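For reference, the structure discussed in these notes is given below.
The values are calculated or read from the model by the stated rules, or taken from the named source; none is laboratory data. Bear in mind the structure is a predicted one, so any value in this text is a computation, not a measurement. Quick reminder, even Gly has a Cβ in these numbers, built from the backbone with ideal geometry, and neighbours come from all protein chains shown.
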């Protein structure tokens, strides 16, 4: 919906002290009022923790200026190798589009702390915000920011009820793929034995959906006994210790299946330490450590969720919608795609050029090679994001 079609009543309710198009002085005044309001929201949320449809309001020339746009980018874990891949892509988008990007987030996946980070960056005067949403506790606060006139795009972690589009994988379908690949490796529908399943962040909607898909595929074999799903923690050291303990307690397990970025690398190290184990290892993400585990045979399957798209596309959507005054104040879904990788095969989405496993390893350590490889997606799928925006229900179909 174009901003010029928004009713006066709606504009008054969502844009108090309404701003006339082209009024730079009033635009600055409005932006300062909004910043003050969001500072109060951030302070209120922080104090609470201690104790226990978007309308584009900024229609001034200043807000629409390509040179002056600033995008906030908030992640749920700073320092995680997979999340860094997303950040790298977001920074590439900002460079390509000629905007400033501010990256922030908590050290660990903790929803209330992340909401404060989002509120603080909103109060700093950014023009749009991309954020993952690891907790339902963030939903109301994010919607308040959207109502204030700052557009939001979600990525990687979906907040059900947030009035903003989401960029991520089709999570249940992805889980089905992983579960089926593991099942095929351990004997198919006639397989009998234990399969250990680990979830590093129980309750995180996307991970719960992956888990649902994995268990659905494994259930095809009546002889499979699922151990877990167990909380295997997101911290790398704690993750390794959790998997080591699970295999020690179930040394006859046919497979270990993780749902998070650290799992494949940890499972590989656990298998190496166990020496004679033949346990199949499967999980998610194409970090350097995960790919090494596939390469040395200590793990066997890893599904990527195209972190380039999860980083680049939210920034592109925000900048494009702000410059073109496109309202994005409702839920929607843009599929980031699923990458299917073993040591001998690489399957990429969106008709991207074929890759060898060696190519994939080289890309994992080179931002330049990554950016070059995804150029067809930038010029096609990402540029045409409005055509690819689907109902939010498609995410978990």
Go through (1) farther than 18 Å from residue 181 by Cβ; (2) out of contact with any strand residue (DSSP E or B) (no Cβ under 6 Å at 6 or more places or on another chain) and name the single condition residue 333 misses. (2)
So residue 151, is it in contact with a strand residue (DSSP E or B) (Cβ under 8 Å, 6 or more places away or on another chain) and farther than 25 Å from residue 261 by Cβ: yes
Is there a residue in segment 320-340 that is farther than 29 Å from residue 146 by Cβ and surrounded by 21 or more Cβ atoms within 10 Å (Cβ to Cβ)? yes
Within segment 137-152, does at least one residue satisfy the condition of being under 18 Å from the mean Cα position of the chain (by Cα) and surrounded by fewer than 24 Cβ atoms within 10 Å (Cβ to Cβ)? yes
Check 271, 296, 290, 276 and return the single one that is modelled with pLDDT of 95 or more and out of contact with any strand residue (DSSP E or B) (no Cβ under 9 Å at 6 or more places or on another chain). 296
Going through segment 216-237 in order, the residues found to be closer than 16 Å to residue 184 by Cβ and in a helix (DSSP H, G or I) are 216, 217, 218
Test result for residue 120, over 20 Å from residue 166 (Cβ atoms), outside any loop (DSSP other than H, G, I, E, B) and at pLDDT 95 or above: yes
Per the filter on segment 201-215, residues surrounded by fewer than 18 Cβ atoms within 10 Å (Cβ to Cβ) and either part of a loop (DSSP other than H, G, I, E, B) or in contact with a strand residue (DSSP E or B) (Cβ under 8 Å, 6 or more places away or on another chain) (or both) are 202, 203
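Quick grid of which residues meet (1) outside any helix (DSSP H, G or I); (2) in the same structural domain as residue 160 (by TED's automatic domain parsing); (3) within 20 Å of the chain's Cα centre (by Cα):
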| site | (1), (2), (3) |
| --- | --- |
| 286 | yes, no, yes |
| 313 | no, yes, yes |
| 323 | no, yes, no |
| 341 | yes, no, yes |
| 353 | yes, no, no |
| 358 | no, no, no |
| 377 | no, yes, yes |
| 381 | no, yes, yes |
Total residues in segment 270-284, condition part of a helix (DSSP H, G or I) and surrounded by fewer than 19 Cβ atoms within 10 Å (Cβ to Cβ): 3
For segment 325-339, how many residues are under 17 Å from residue 82 (Cα atoms) and not in a strand (DSSP E or B)? 3
Residue count, segment 85-106, condition out of contact with any strand residue (DSSP E or B) (no Cβ under 7 Å at 6 or more places or on another chain) and either modelled with pLDDT under 95 or assigned by TED's automatic domain parsing to the domain that holds residue 285 (or both), comes to 1
Quick one: would you say residue 219 is assigned by TED's automatic domain parsing to the domain that holds residue 280 and more than 14 Å from residue 281 (Cα to Cα)? yes
Positions within segment 134-155 being modelled with pLDDT of 95 or more and either assigned by TED's automatic domain parsing to the domain that holds residue 208 or in a loop (DSSP other than H, G, I, E, B) (or both), in sequence order: 148, 149, 150, 151
